[in-house]
Structures are given as C-alpha cells and as structure tokens.
Amino acid sequence: MTLKNISRRSALKFGGATLALATAGGFLGTATVAADARGTMALRIPALDAGQMVDGVRVFDLTVQNGKTEFFEGFDTDTLGINGSYLGPVLRMTAGDTVRMNVNNTLREKTTLHWHGLNIPAVADGGPHQEIEPGAAWSPEFKIVNKASTMWYHSHQLSRTADQVWAGLAGMIFIDDAEADALDLPSDYGVDDIPVVLQDRSFRRNGQMPYEPSMHSLMMGMTGDIAMVNGTIAPFFEVTTSLVRLRLLNGSNGSIYTLAFDDNREFDQIASDGGLLAAPARVGSVRLGPGERAEIVVDMSSGRNVMLVSVPSSDGNGRGMMARMMDSDPVFDFLELRPAATLAKSPALPQQLADLPAVSDGTAVKTRSFELQMSGMGMFSNFSINGKSMKMNRVDEVINMGEDEVWEITNLSPMAHPFHVHNTQFRILDRNGEAPVGGEVGLKDTVVVNPEERVRILIRFDHYSDPKHPYMYHCHILEHEDAGMMGQFTVV
Ligand code: C2O
Ligand code: CU
Ligand code: CU
C-alpha cells in the first residue's frame, strides 16, 4: 500500500504501526494506513454473552452507552457501544429459546436496537417504531424460531441509523441449533469460530471519527478509508487449527465488499444470512453488501500467512459502464490470518450441511414489484422505493401470512442497493433471469441489487402476524435508509 495524493501528513501510532493522517485531495481528515501496517494488532474478539436463564427465559442485559475507544495508541476516540465502548458482545442463543432483551439507553438521544435477520413479533423488532428515550429501558421478549445462523443487531433510529451505527451501535448474534451442533463444524468461539465485523471508518488528525458525510457520501453511501475488524485496525489473528471458520458481517454504512484472500486461495462458504447452505460452496470470493453475512471455512494447513482483503468486484456484475465508474467496490486489507507453527487437525468439513428445499416461483400466489430509484444531487437527492420515500404513518404493503410471494426488485438507479426485508428469510430465484450461485442459493434477508438488474426472490412470512405494527423493507446503505429508501409492511 502506498501513500498517495498527500500534501501534508502527521503520524499516529497504533500497535507499533504508523497511521498517516493526511490532507488528501482537498478532503480534510482522510487517512491512509502506511505500508508497515500489515497485521499489527491482535484482533479484538468481542465478549461472548449467553445471557442468564431466569425462569426458563434467556435474559440479556444490554446497555447502550457512550464510550472512548483507543483505535490508535494514545488517542481516545469518542464512540458508542453496547456493554462496551465500541460495538457490542456476541449474543449467543439457541433455536427454541425464549429470550428477553433488557435494553437500557444511557445516551442523551433516542435510539433503538433491531435484531436483524430474526423472525420476530413486530413490537419486538426494534425498528423505528420501538424508540427508546434517553434514560429509558425497553424489554422485548420473543421466541427464537430461526435456524442456526449468524445474525446481528444495530440501531434503527429513524434518520439517525447511519450516524449511530458509524459510532458503534452494532453487534453480532449467534444462533445454535441441534442440526448444526451435530455437524462438527469449527465452533470453539475465539479459537476456530471467529466473529468478523467488517467496517470502514475515517479519522481526523485528532483521532476522532465524527460522522460527517460529504454530499458524495450521502449519495453513494458513507465509506471511510481505514478498514477495521471488530473495531481493530490492521488486525492479525493467530490460527491454531487447520480449519478456521470466519463469520463475516458487512457492518459498514455504505460499502460493498468483494472479499477474497490475497493469495487467491479458494475457501468454503457454509452459511448465508439465514443459516447453513445445503453443502459447502467452494468459492474464490464472496460479495457482501451492508447487512449481509457469510460464514466461511478457510484451510490454513499450508502454514502460510494470508490476508483477507476486499477487491474491486471482478465482472462488473452485469453493470453498464456508467454504473461501474460510479460504483466500484473499495479495496482494503482487512485481517491477516497467521497460522501457528503447529496446527491442531480439524475434523473434515461435512459435505452435507442443512436441508434446503429447492425453490421455484410455481408456489407463489402473488407478485409484488419494488423499484429502487434515486434522483437529484446532494441535498436535493431523493431516494425512493416505488416512487415513495419512507413515511412512519403509511403502510405500503399488506401481506398475508403463510403465502409464498414473488418479489421483483428492480434497480433503476446507477448504483447497487442491498435490499433488506425484516421478519423473514427469503430465497433468491434469479438475477436478470440467471439462477443464483455460491452462497446466494441459501437463506437470505438482504440481497444486493445491481444497476440494470431485476432480482426475483421467493418470500413468505410464517410467523408473527400483526395488522397494526409494521415491519420495514429498505436499502441497507444506511445513508439511503436514513434518506427514506424504506417502506413498511404488515403481516395479517
Ligand atoms: Cu439491518 Cu432494517 O435492518
Ligand atoms: Cu433488519
Ligand atoms: Cu441504496
């Protein structure tokens, strides 16, 4: 990596490496990691929180708080976190559990916590209708009906989601079930089963990372120039087993990452957003938009160090020239994996994982269309779905519980949008008529819809009807969501 376009620089130290904070290309406060930054800090592993069993209910105590985080040695950065200064613990629960989330808001502003990916009662969803006032608490209780999977939680405060998530209000959820437990997958937390929250941030020279999106960022989604994993900049992880499972979450505001390894090794994707695939998918890269997850298993038995990187998406994903110019995935070094001198031999990866029925549009009783649009520029930009921007008192779709539907999501804008739906896991039928490949065959709650693309999904809501309290569907680029690229539906 080289320093480029830098007219002035000062250096900050982190973990023995140097961060040059520079005035680059006229933008104040952009930062570039210097060449010696490769794997200099041990990866932070978030605390694992399995809650407390109280009268048969798994109870989690979550405090949303202000904090200071030392991303760079000697610099306290103002951040937000859950039970900590930045991000939150990994919440671990089992399918069939009844859980209660005691959320305490100690901030001086309103917030929410949304349980992304879970099938959940509307009043427990933690969307914009479940605001928690400053100093107040919120204690939703619900049953876990999802399968073994990697989900996450984050602020969903109306018009403030981007700002609050940027500052740190997000964490992961691991759901276990008997089917997955029987598989002998790497599952020793922090040893061979690793949470990997991928984000990018920008810092000022004083070490602060205020949320200050430019006009361009409000349009395209906020992207920083410093990559971090679990809040660690330039991290390494020492691997002690021949196979390591990485639970990847794109927790960024507005970046789509095409993730790969710098030696081009292939790896196995074992799970998508909603749980295990039918069988491991052998891939060379996986592309995740904000909100999407993928669990991958990497073979480390060669004993060589390898860097998890993000690269420009290879094929343009069917995009036209204009779109490619506006919208190329950012390039980062995320996480260096360093195998120990001797590696414990992991059990072989099972060739069959979960039951995943084939899907077709033949079972659908209804088709709905969602057109994603953006128009105008800067302050005057407008983000809409079916020509409408989010209104709290308008329900856009009313859906019958238990019926298969096809949703056609058409991107009429020049950039990609990750389309997310609450309270369900859906399946991708096709992208511009092409069947999904790799991890996209699995359970999904978020799908990247590229420019000039129409993605068809098979969707159904099997749990938790509520005619009054709506759920959200929206673009998961948080700047777009906050600007109104969101709609509401009820399940009846
Ligand atoms: Cu990740 Cu509506 O949320
Ligand atoms: Cu969600
Ligand atoms: Cu968008």
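A simple charge model with +1 on the Cβ of Lys and Arg, -1 on the Cβ of Asp and Glu and nothing else charged puts the dipole of the chain at about 1100 debye relative to its Cα centre. Run the numbers on the stretch 87-198 and let me know its relative contact order in percent, using alpha-carbon pairs under 8 Å that are six or more apart. That works out to 34 percent. On the chain, 50 percent of the accessible area sits on carbon and sulfur atoms, based on a 1.4 Å probe. Ranking 71, 106, 40 by how far each Cα lies toward the positive end of the dipole of the stretch 40-164 (charges on Cβ) leaves 40 at the top.
When both bridge partners sit in the stretch 132-260, DSSP labels roughly 65% of those beta bridges antiparallel. Compared with the alpha-carbon gap, the fully stretched path from residue 137 to residue 38 is longer by 31.5 nm at 0.36 nm per residue.
Just the number please: accessible area per residue for the chain, 1.4 Å probe, all protein chains included, in Å².
That works out to 37 Å² for each residue.
When only the Cβ of Lys, Arg, Asp and Glu is charged (+1, +1, -1, -1), the dipole of the stretch 208-302 relative to its Cα centre reaches about 180 debye. The value given for the chain is a Kirkwood hydrodynamic radius of 22.7 Å, derived from the mean inverse Cα-Cα separation. Karplus-based coupling profile of the stretch 235-245, in residue order and whole Hz: x, 10, 10, 8, 8, 10, 10, 6, 10, 10, 9, with θ = phi - 60° in 6.51 cos²θ - 1.76 cosθ + 1.60 and x standing for Gly or Pro. Ranking 449, 402, 383 by Cα position along the charge dipole of the stretch 379-456, where only Lys, Arg, Asp and Glu carry charges on their C-beta atoms, puts 383 farthest toward the positive end. Computed over the stretch 48-127, the percent of Cα pairs more than 17 Å apart is 54.
Grab the other residues whose beta carbon is less than 13 angstrom from that of residue 231, score K and R as +1, D and E as -1, and report the net. Summing Lys/Arg as +1 and Asp/Glu as -1 gives +1.
If R0 is 30 Å, the Cβ-Cβ spacing of residue 344 and residue 365 corresponds to a FRET efficiency of close to 0.05. Helical runs assigned H by DSSP (4 residues or longer) give the chain a calculated mean residue ellipticity at 222 nm of -1000 deg cm²/dmol, each run adding -39500 (n - 2.57) before division by the residue total. Its Cα centre serving as origin, the stretch 172-252 has a Cβ charge dipole (Lys and Arg +1, Asp and Glu -1) of approximately 740 debye. For the stretch 380-492, the alpha-carbon coordinates run over 39, 37, 19 Å along the three principal axes, in decreasing order.
The values are calculated or read from the model by the stated rules, or taken from the named source; none is laboratory data. Remember, it's a predicted structure, so these values are computed and weren't measured experimentally. Using ideal geometry, Cβ is built from the backbone for each residue, glycine included, and neighbour counts are taken over all protein chains shown. We work out accessible area using only protein heavy atoms, side chains counted, and drop any ligands, DNA or RNA first. Shrake-Rupley method; radii C 1.70, N 1.55, O 1.52, S 1.80 Å.
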